[in-house]
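Taking it in order: structure first as structure tokens, then the write-up.
The values are calculated or read from the model by the stated rules, or taken from the named source; none is laboratory data. Quantities reported herein were computed from a predicted structural model and do not represent experimental measurements. As a convention, Cβ positions derive from the backbone with ideal geometry for all residues, glycine included, and neighbour counts pool all protein chains shown. Accessible surface is based on the protein model in full, side chains and every heavy atom, while ligands, DNA and RNA are left aside. Shrake-Rupley method; radii C 1.70, N 1.55, O 1.52, S 1.80 Å.
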Amino acid sequence: MVSIIVHGGAGTFRNEERIPKVIAGVREAVLAGWRELKRGSALDAVEEAVKALEDNPLFNAGTGSVLTLDGKVEMDAAIMRGKTLDAGAVAGIWGVKNPISVARKVMEKTDHVLLIGEGAVKFARLLGFGEYDPITEERLKQWGELRKKLIEKGETWHWKKLNELIKEYPEVLRSTVGAVAFDGEEVVAGTSTGGVFLKMFGRVGDTPIIGGGTYANEVAGASCTGLGEVAIKLALAKTATDFVGLGMDAQAASEAAISLATKYFGVDTMGIIMVDAKGNVGFAKNTKHMSYAFMKDGMEEPEAGV
Ligand code: GLY
């Protein structure tokens, strides 16, 4: 049984007109991954699916990444192979089109796991990744509006108020894309994000933290979405795969992981997708929405929703 699941981020769509477009985006991404999976590689499937989401400006990763407090893009991405525990990640990278592909190169071409900021950009250029500006007009406009709201609250810089802002303006939590696939031999997980809108310069979320937002081993793989600090504190992607190690399937493990996030940090914080090494897919969230799509052997068309 081979399978792949993708997500386009957990959060709340205040403008529900966006939902059909987002569902079309995750469907397109899962089909891009499925094509590679049918050729035999979960690694290529995850990279291609995440690239499709990074290239779609609707999603907060690659093109369409959200902006930091000071109006810049600092993207995070990671990829991990379950069979070998090989992993590669970049954090706070800018000026590239597909951070997931740079993360894969970190995994394949270096002895390291995580490159950050200037070093990650330098590495990308050495590997031939061209300069690219992922900032879109829509994100610039949203950034201006959110900054204004922050200033109206009497703050120019928030140091501890992001959680409050998210409750008031749920579009801040427009987070992250990811894919997890099983090719019959191994599970691979990948995640990519622009992070959280108005995040502090230099802030790194869960996405590139192996075990936090992204993890794969011999029993399962997981990709998280939501408020990164929550997934980091709970080592959520690794915890979710441990649940599979204890006997749960991907769906039960996803639900258990999200229950844990809700127990410690409340609702509107987290979403997760998983695949286990039997090819079962799982997904769960404690937010109003999380776009997802999956394909398994025997399915003619992806199942997709929010
Ligand atoms: N989950 C993405 C982030 O918090 O950066």
Nearest 10 degrees, 0 to 90: helix 117-126 Cα axis against the chain principal axis = 60 degrees
Label point 7 Å beyond Cα of residue 164 along Cβ direction - residues of region 182-198 with amide nitrogen under 17 Å = 198
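Please give the contour-minus-distance gain from residue 109 to residue 259: 0.36 nm per residue of separation, less the Cα-Cα distance, rounded to one decimal in nm. Show your work: numbers first, answer last.
Details: separation 150, 0.36 × 150 = 54.00 nm, distance 3.75 nm.
Here the segment from residue 109 to residue 259 would lengthen by 50.2 nm.
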Length-normalised contact order for the chain - Cα pairs under 8 Å, 6+ apart - percent = 26 percent
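Is region 19-79 rounded, prolate or oblate when judged by the Cα gyration tensor, a ≥ b ≥ c being the square roots of its eigenvalues, rounded requiring a/c under 1.5 and prolate requiring a/b larger than b/c?
Details: a/c = 4.30, a/b = 1.66, b/c = 2.59.
Verdict is oblate for region 19-79.
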Please identify, among 82, 25, 245, the residue showing maximal mean-square fluctuation in a Gaussian network model of the chain using a 10 angstrom Cα cutoff.
-> 245
Packing-based ranking, highest mean first, of 221-230, 122-131 given that Cβ atoms within 10 Å are counted | 221-230, 122-131
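Which value, in Å², gives the accessible area per residue of the chain when a 1.4 Å probe is used on the protein heavy atoms?
Working: 12220 Å² over 306 residues.
Per-residue value: 40 Å².
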Among 51, 288, 153, which one moves the most in a GNM of the chain with springs linking Cα atoms closer than 10 Å?
-> 153
Which of 35, 18, 81 moves the most in a Gaussian network model of the chain with Cα springs under 10 Å?
-> 18
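Please give the contour-minus-distance gain from residue 83 to residue 12: 0.36 nm per residue of separation, less the Cα-Cα distance, rounded to one decimal in nm.
Working: separation 71, 0.36 × 71 = 25.56 nm, distance 3.50 nm.
Additional length available on full extension: 22.1 nm.
Leaving out ligands, DNA and RNA, and with a 1.4 Å probe, what % of the accessible surface on region 168-306 is carbon or sulfur? Provide the component values of the computation, followed by the final result.
Details: 2350 of 4440 Å².
Solvent-exposed carbon and sulfur of region 168-306 make up 53 percent of the total.
Would you mind checking 167/263; 141/285; 109/285; 97/153; 167/233 for any pair whose Cα atoms are more than 24 angstrom apart?
Details: 167/263 17 Å; 141/285 28 Å; 109/285 35 Å; 97/153 35 Å; 167/233 20 Å.
The answer is 141/285; 109/285; 97/153.
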Would you mind getting me the FRET efficiency between residue 125 and residue 72? Use the beta-carbon distance for r and R0 = 22 Å, nearest 0.05.
-> 0.75
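Could you give the length gained on full extension between residue 24 and residue 138, defined as 0.36 nm per residue of separation minus the Cα-Cα distance, in nm? Mind showing how you got there, number by number?
Details: separation 114, 0.36 × 114 = 41.04 nm, distance 1.92 nm.
Length gained between residue 24 and residue 138: 39.1 nm.
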